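Engineer: This structure is in structure tokens; I'll ask about it shortly.
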Amino acid sequence: MDKIVIAGGTGFVGQYLSKRFQTLGFQVVVIGRRRGTIQWTDHSSISEALENAAILINLAGKTVNCRYTEKNKAEIFSSRTDTTSILGELVAGCTNPPQLWLNSSTATIYRHAEDRPMTESSGEIGTGFSVDVATLWEKTFFDFKLEKTRQVALRMAIVLGSNGGVILPFKNLVRAGLGGIQGNGRQYFSWIHIEDLFQIIQFLRCHDDISGVINCAAPHPIMNKTFMATFRQVMNRNIGLPSPKWLLEIGAALIGTETELLLKSRWVLPEKLENSGFTFRFPTISSALQDILQRG
């Protein structure tokens, strides 16, 4: 039985991946902070889990869905770089280390883009706090030079699924008649269905010629106005009042988050995956939302 180790595996994405791998007969070992997982302080148990593992998937990191206070910013940095460093040192010490190490990153590493899409080969790295986090995270990961372990950083777009993430807040907005555009509605929204993320991991396992950074994003990103219109259509809601930037600023402060999550234009394409022959099960936002909303 092949073994998959998922670090930070108790969240929305980690739980989905765990269930999917278990369904296929894999042994899944989770590293985390909750009871029933291997704790981050238990380095000997982590090392034991890593020995002879087929894949290590690191998803660990404090959510960015919070206010960017100095305390939160420090925790966002450390929760990513510290855990990646722990794993890198322990993988390097393994006799039979994981064949493949997939480390989370984010498509937010690219600049705000309304003029052209960002690919792995031609994308421009942006500026600001979120970009600094992603850049240091990837540097920490790739600073480990591991002879026996292939390393891939997953630059993930917004992950869409029925049991967590951003879908529920958007669903509540649409249901309340507030599912109009956010800001000017022209910012691009790059996304990926959570099942396609799982399929990408399976694909990478079988294609040992792929390493480095990979954009995990559906091939058809859309503008915010298209995303919201499609969401309303799938939910059979005709009315969707818009949310101008000033209103979003007030709302973000009230619920403890940042408007960047809605207003940054993420226009990201999966160039490497498509060039390698990967086929998305949910390439369009309408197919993704229809599948997710009928489940939830």
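Bear in mind that the values in this text are calculations on the coordinates, not laboratory data. Source: prediction; values computed, not measured. Cβ: placed from backbone, ideal geometry, glycine included. Neighbour counts: every protein chain shown.
Engineer: Which order do the peptides 62-68, 155-161 come out in when sorted by mean C-beta neighbours inside 10 angstrom, highest first? Present the calculation step by step, with values, prior to reporting the outcome.
Structural biologist: Values: 62-68: 14.7, 155-161: 22.6.
Final packing ranking: 155-161, 62-68.
Engineer: Further question on the same structure: Can you work out the Karplus-derived ³J(HN,Hα) for every residue in segment 43-55? Use 6.51 cos²θ - 1.76 cosθ + 1.60 with θ = phi - 60°, whole Hz, and x for glycine or proline.
Structural biologist: For segment 43-55, the Karplus curve yields 5, 5, 5, 5, 4, 4, 5, 6, 4, 6, 6, 6, 9 Hz.
Engineer: Counting pairs of alpha carbon atoms under 8 Å apart in space and at least six apart in sequence, what relative contact order in percent does the chain give?
Structural biologist: On the way: 541 pairs, mean separation 55.8, N = 296.
Once normalised by length, the contact order is 19 percent.
Engineer: First check a/c for segment 190-296, with a ≥ b ≥ c the square roots of the eigenvalues of its C-alpha gyration tensor; if it is under 1.5, answer rounded, and if not, answer prolate when a/b is larger than b/c or oblate otherwise.
Structural biologist: On the way: a/c = 2.56, a/b = 1.69, b/c = 1.52.
Prolate shape, in that a/c is at least 1.5 and a/b is the bigger ratio.
Engineer: Continuing with the same structure: Given GLY277, VAL5, PRO221, which one lies farthest toward the positive end of the charge dipole of segment 3-295, if we put +1 on the Cβ of every Lys and Arg and -1 on the Cβ of every Asp and Glu?
Structural biologist: Of the options given, the answer is PRO221.
Engineer: Expressed in nm to one decimal, what extension gain is obtained for the pair ALA176 and SER47 from 0.36 nm per residue of sequence separation less their Cα-Cα distance?
Structural biologist: Working: separation 129, 0.36 × 129 = 46.44 nm, distance 4.89 nm.
Net length gain for the segment: 41.6 nm.
Engineer: Sticking with this one: Which residues among segment 24-56 fall inside the zone where the amide N is under 19 Å from a point 7 Å beyond the Cα of CYS206, along Cα→Cβ?
Structural biologist: Zone members listed by number: 24-27, 54-56.
Engineer: Reachable lysines from LYS245, Cα under 21 Å, same-chain residues fewer than 8 places away excluded?
Structural biologist: Qualifying lysines at Cα under 21 Å: LYS171, LYS225, LYS264.
Engineer: Grab the DSSP H runs of the chain that are 4 residues or longer, score each as -39,500 (n - 2.57), total them, divide by all residues and round the 222 nm result to the nearest 500 deg cm²/dmol.
Structural biologist: Only helices count here, giving -12500 deg cm²/dmol.
Engineer: Assuming R0 = 30 Å, what is the FRET efficiency of ARG237 and ARG295, from their Cβ-Cβ distance, to the nearest 0.05? All intermediate terms of the calculation are to be shown ahead of the outcome.
Structural biologist: On the way: r = 18 Å, r/R0 = 0.61.
With a Förster radius of 30 Å, E is 0.95.
Engineer: Using a Gaussian network model on the chain with a 10 Å cutoff between Cα atoms, which of SER121, SER190, SER162 fluctuates the most?
Structural biologist: Top of the fluctuation ranking is SER121.
Engineer: If you average the sequence gap of Cα pairs under 8 Å that are 6 or more apart and divide by the length of segment 56-101, what percent do you get for the contact order?
Structural biologist: Values: 21 pairs, mean separation 22.1, N = 46.
Averaging sequence separation for qualifying contacts and normalising by length gives 48 percent for segment 56-101.
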